[in-house]
Amino acid sequence: MLFQVIAISSIAQNCKILPAHFYSYEQAISWVKNASFKIKEDVNTSKSSWIRSASYYSCDGKVGYFIFSTDSKEYIHEGIPVEIWNKFKNADSFGSYYDHYIRKKYRFYL
């Protein structure tokens with residue numbers, strides 16, 4: 001397992017070389033988190049009742065990956081426009097915004 005982590009860290013240095021397909025959501029999340037992106041932002045989600053963390057990763061500054069966590073799981077979405085991320089960051093309710101504008105609209109397929 002240690003070898004896999006080292007391999008991921010050394011290969012996924014540039015967001016443009018991310019694989020087109022992953023074997024699991026956990027693998028995809030790990031690759032995205034370890035790649036370098038033009039935009040890599042986090043938002044403070046402490047006001048949310050169920051979203052514990054949220055991050056956005058974009059290679060081109062136009063669309064990207066959205067990763068967020070709850071108490072029990074981490075989720076990834078792809079193809080999120082930067083405008084959607086910016087509105088999410090400024091939403092009064094992260095959970096409501098997610099439910100209305102991201103959930104079931106931007107999926108990540110293995």
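Can you find a residue that is polar (S, T, N, Q) and in contact with a helix residue (DSSP H, G or I) (Cβ under 8 Å, 6 or more places away or on another chain) anywhere in the stretch 65-88?
No, the stretch 65-88 contains no residue that is polar (S, T, N, Q) and in contact with a helix residue (DSSP H, G or I) (Cβ under 8 Å, 6 or more places away or on another chain).
In this structure, is residue 47 in contact (Cβ under 8 Å) with a residue 40 or more places away in the chain, over 14 Å from the mean Cα position of the chain (by Cα) and open to solvent by 100 Å² or more (accessible area, probe 1.4 Å)?
Considered against the rule, which asks whether it is in contact (Cβ under 8 Å) with a residue 40 or more places away in the chain, over 14 Å from the mean Cα position of the chain (by Cα) and open to solvent by 100 Å² or more (accessible area, probe 1.4 Å), residue 47 comes out as yes.
For residues that are more than 19 Å from residue 90 (Cα to Cα) and in contact with a Gly (Cβ under 9 Å, 6 or more places away or on another chain), scanning just the stretch 33-44, find the one that is least open to solvent (accessible area, probe 1.4 Å).
Just the residues of the stretch 33-44 that are more than 19 Å from residue 90 (Cα to Cα), to begin with: 33-38.
Filter once more, so that each one left must be in contact with a Gly (Cβ under 9 Å, 6 or more places away or on another chain): 37-38.
On the way: 37: 32, 38: 150 Å².
Filtering first and then ranking leaves 37.
Applying the selection to the stretch 23-56, what residues are closer than 12 Å to residue 82 by Cβ and in a loop (DSSP other than H, G, I, E, B)?
Hits for the stretch 23-56 are 37, 38.
Can you spot a residue in the stretch 57-77 that is in contact (Cβ under 8 Å) with a residue 40 or more places away in the chain, in a helix (DSSP H, G or I) and either open to solvent by less than 90 Å² (accessible area, probe 1.4 Å) or of a type in the set (Ser, Thr, Tyr) (or both)?
no
Looking for something modelled with pLDDT under 95, among the basic types (Lys, Arg), surrounded by fewer than 17 Cβ atoms within 10 Å (Cβ to Cβ) and in a helix (DSSP H, G or I) - is there at least one such residue anywhere in the stretch 80-98?
No, the conditions are met nowhere in the stretch 80-98.
The values are calculated or read from the model by the stated rules, or taken from the named source; none is laboratory data. Only a predicted model underlies this, so the values are computations on that prediction, with no experimental measurement involved. All Cβ positions, even for glycine, are placed from backbone atoms using ideal geometry, and neighbour counts span all protein chains on display. Ligands, DNA and RNA are excluded from the accessible area calculation, which covers all protein heavy atoms including side chains. Shrake-Rupley method; radii C 1.70, N 1.55, O 1.52, S 1.80 Å.
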